[in-house]
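Engineer: Supplied in structure tokens, the structure appears directly below.
Every number in this text was worked out from the coordinates using simple rules, so none of it is lab data. From a predicted model like this one, the values you see are computed outputs, not experimental measurements. Counting neighbours? That spans all protein chains shown, and the Cβs are built from the backbone with ideal geometry, glycine included.
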Amino acid sequence: MFGSAPDRDALKKSTERITKVSQILKFRPQEGKAPWDHNKDTLVSYDYIVLGGGSAGSVVASRLAEDPAVSVLVLEAGYSDDIFASRAPSAYNIIFGSDADWNYETVPQTHAGNRTLMQPRGKILGGCSSINAMMYHRGPASDYDEWESLGNPGWSFNECLPYFKKSEGFNDPNLPSDHPHGPLTNRIRFPEFETFDPEAHGTEGPWQVTFHHLFQLSTRFIVASQAEGIPFNKDFNGESTLGVNRIQTFIQRDGVRSSLSRAFLRSEDVVPGGSKHGRGTVRVVFGADAKRILFQVKRGVKMATGIEFVDHKNVRRRVMATREVLLCGGAFGSPQVLLASGVGPSPQSSIPQFHTLAGVGANLQDHLGISAVFRARDRLETLNSQYNAFTSIKSLFSYVASGTGPLTCQLGEGVIFVRLEDIAPEWVAQEKANGTYQERASGPGSPHLEFIILPGYVRRHGTILASDFKSYFTVTALLLNPCSAGLFKIATQPTKNGNGVDVKGVVDPNYLAESFDARALVQGLKFIRRIARRLNEDPEVGGREVFPGETDVPDRDDKVLEKYIREYSETYYHPVGTCKMGPASDKMSVVDHRLNVHGIERLRVIDASVMPKLVAAHTCAPTVMIAERAADFIKEDWSTSSSSPSDYSTRGQTTEAKL
Ligand SMILES: Cc1cc2nc3c(=O)[nH]c(=O)nc-3n(C[C@H](O)[C@H](O)[C@H](O)COP(=O)(O)OP(=O)(O)OC[C@H]3O[C@@H](n4cnc5c(N)ncnc54)[C@H](O)[C@@H]3O)c2cc1C
């Protein structure tokens, strides 16, 4: 990919070229997915409008359309996910900073070196599931039991488990490779790291979960962690989530990302046995940027009736829903649209207040991580060593020909989930003795920290590259139960033509405001170095720290380690909680336990924003579980509703209302 030295722009350009070629080679029109077509789309009326064709939106739309009588309109601001950087698992960070990323950044973070931090979010069909690291992880059972204990009946882990399984199409590595649920053909197997608990998995869902590519580095990491006292975990999604192993991934058997859009919105060619026949309609409108929710008040009852959006030609349009408006815009997108529609804590300048809900945008929680980068032995294969012209052509060939090779690596292959007392017992005892220890985990089975080994030089989301093609690896520590929480809000200003209001999202996660978070990450950084020392003893791996370096940031000085954390930590992409679920008595909750917005009828929020507390997990599988549950809530509510949809005032209207 590169001529002489690694260069991110060159990498981006090559990927764009590959994307164009692969689009031409693979182009198939996708029925029902296209920008707004004024002549056709205004003639149709839709039962449900789904705002955002992302992870949750794809699931909800598809499940609702299982009823042949139902029609669903999905408004997605982005475009097709059929691009190389999204399909090939190792290429996703090329999307950061592109048009398929919302390119949010935080406001300067007072407690994190006053920096503005990148916050990538997928602006593309499939949303973040089309640009994420494909790690399939549900987290500890006690986290969901805690959700229920916060006033959300029905959300205990035992009640959520069937919904986790429902979406999942787990591929058993022990089956023959020609079996529809077998392992990937031609993939190099590592049976000792492909253990799993069959009881914990679903095999009939459309979302493909597999054991995929594994660098030798990742296997050595698992061995080194065990030598450091971390127990081997048979299945992170099984009985316990603590320990070390490879992570399960949502990648199809052919090596293509199993985004939620690919799994749920292309079911006719992906889902085994899936068929579009006998299903209702799902119309996906690309390039539709939703601006606000349309409401009416009837006999004192507030209700949502439709959405106002700007189409791909920048024309403002309105669409009406005969049943419900479903917000699936993600942890930033959903509160942004609510706030822009006058639903939130206090009136925004130039936006009439429609309904006061104090919690919209509050309770923003995220996983912050800190990394160290190591130089490995030359003979160790990593992603860095793949970047030169010859090996990248070889990798591309094995990817296109057989769906194997380094392009199928999703970056974070080997992981550890631990509790602080297991890696730093003396520090925990000291904090407890000082009265400064803060326990945020939901129970003794819930991890405090996660460690991920990345087979390459990864700094600032991959935007800073190594200066050569040598072998490197990076180890990251993530704080899974942060004490610090922040806020999402909007800034408004009149549009240039003076006819409307421009709304911009303002992200303030307030990282490291609680100093306990920084101190816990210091223990994480020390443990990274312990694992790296083990790897350095491994004749196949090696591991000399090149960033930040023990000379500049010595292990013995907690103050210096903490400073490094404040100046170099980055998001690990899991913002949640900005429309949290809770009872009406909790004034900071935005939706009830069936995900209805408090005080407004026919409006639900269904995405990562409803999590009342951040799970000690990767957030995609939990979000999909939420969407599966929501689809059932909606189906139940409409099947038991005394009024038929035709009773509603909006029924029979054409899709576009008068502006
Ligand atoms: C780089 C990255 C890596 C990650 N890695 C992992 C991982 O390995 N494993 C894991 O479990 N989780 C991972 N996550 C997190 C996980 O992907 C998200 O938590 C999850 O996908 C969120 O789903 P969602 O439905 O809430 O939002 P999204 O999937 O982001 O969907 C929101 C959708 O709404 C659309 N939208 C927003 N606003 C509007 C608007 N106004 N009008 C129209 N459309 C709109 C967006 O374009 C998007 O398609 C990662 C996330 C990122 C960004």
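Engineer: Cα axis of helix 157-167 to longest principal axis of the chain: angle in degrees, 0 to 90, nearest 10?
Structural biologist: Approximately 80 degrees, to the nearest 10.
Engineer: Just need the Rg to Rh number for segment 456-586, please, alpha carbons only, Kirkwood Rh.
Structural biologist: In segment 456-586, Rg relative to Rh is 1.11.
Engineer: Any idea what angle helix 620-640 forms with the longest principal axis of the chain, computed on alpha-carbon atoms, 0 to 90 degrees, nearest 10?
Structural biologist: 20
Engineer: Compute the acute angle (0 to 90°) between the alpha-carbon long axis of helix 55-64 and the principal axis of greatest extent of the alpha-carbon atoms of the chain; round to the nearest 10°.
Structural biologist: 40
Engineer: In addition: Quick one: what are the phi-derived ³J(HN,Hα) couplings along segment 113-129, Karplus 6.51/-1.76/1.60 with θ = phi - 60°, whole Hz, x for glycine and proline?
Structural biologist: Rounded to whole hertz, the list is x, 6, 8, 9, 9, 5, 9, x, 8, x, 10, 6, 4, x, x, 5, 5.
Engineer: Please work out the ratio of the alpha-carbon Rg of the chain to 2.2 N^0.38 Å and round it to two decimals.
Structural biologist: Working it through for the chain, the quotient is 0.93.
Engineer: How do 476-488, 294-306 rank on mean C-beta neighbours within 10 Å, highest first?
Structural biologist: Values: 476-488: 23.9, 294-306: 15.5.
Listed from highest to lowest mean packing, they are 476-488, 294-306.
Engineer: Could you work out the percent of alpha carbon pairs in segment 292-440 separated by over 25 Å, rounded to a whole number?
Structural biologist: Counting pairs separated by more than 25 Å, the tail of P(r) holds 64 percent.
Engineer: Over all alpha-carbon pairs in segment 159-205, figure out the percentage whose distance exceeds 15 Å.
Structural biologist: Values: 519 of 1081 pairs.
Looking at segment 159-205, the distances longer than 15 Å represent 48 percent of pairs.
Engineer: So what's the convex hull volume per residue for the Cα atoms of segment 449-518, in Å³?
Structural biologist: Values: hull volume 10.4 nm³, N = 70.
In segment 449-518, the Cα convex hull volume per residue is 149 Å³.
Engineer: Once every DSSP H run of n ≥ 4 in the chain is given -39500 (n - 2.57) and the sum is divided by its residues, what mean residue ellipticity at 222 nm do you get, rounded to the nearest 500 deg cm²/dmol?
Structural biologist: The helix-only estimate for the chain comes to -8000 deg cm²/dmol at 222 nm.
Engineer: Sticking with this one: Please rank 285, 428, fewest neighbouring Cβ atoms within 10 Å first, as an exposure proxy.
Structural biologist: 428, 285
Engineer: So which trypsin sites (Lys or Arg not before Pro) in segment 491-586 pass both tests, a DSSP loop state and at most 13 other Cβ atoms within 10 Å of the Cβ?
Structural biologist: In loop regions of segment 491-586 (DSSP not H, G, I, E or B), the sparsely surrounded trypsin sites (Lys or Arg not before Pro) are 496, 556.
Engineer: So for segment 67-190, what are the equivalent ellipsoid semi-axes in whole Å, largest first, each being the square root of 5 times an eigenvalue of the Cα gyration tensor?
Structural biologist: Numbers: eigenvalues 173, 130, 78 Å².
That gives 29, 26, 20 Å for the three semi-axes.
Engineer: For segment 538-545, what does the Karplus curve 6.51 cos²θ - 1.76 cosθ + 1.60, with θ = phi - 60°, yield as ³J(HN,Hα) per residue in whole Hz, taken in order and with x for Gly and Pro?
Structural biologist: Values, residue by residue: 7, x, 8, 10, x, x, 9, 5 Hz.
Engineer: For every other residue with a beta carbon closer than 13 angstrom to the beta carbon of residue 194, add +1 if it is Lys or Arg and -1 if Asp or Glu, then tell me the sum.
Structural biologist: -1
Engineer: On each of the three principal axes of the Cα atoms of segment 147-238, give max minus min coordinate, whole Å, ordered largest first.
Structural biologist: Cα extents, longest axis first: 46, 39, 17 Å.
Engineer: Enter the Cα centre distance for the pair segment 314-383 and segment 157-224, rounded to the nearest angstrom.
Structural biologist: 31
Engineer: Which far-off residues, 5 or more places away or on another chain, put their amide H under 5 Å from the one on residue 616, with H placed in the peptide plane?
Structural biologist: It is none; the list stays empty.
Engineer: Quick one: of the DSSP bridges fully inside the chain, what percent are antiparallel, nearest 5?
Structural biologist: Bridges in the chain that DSSP calls antiparallel: roughly 65 percent.
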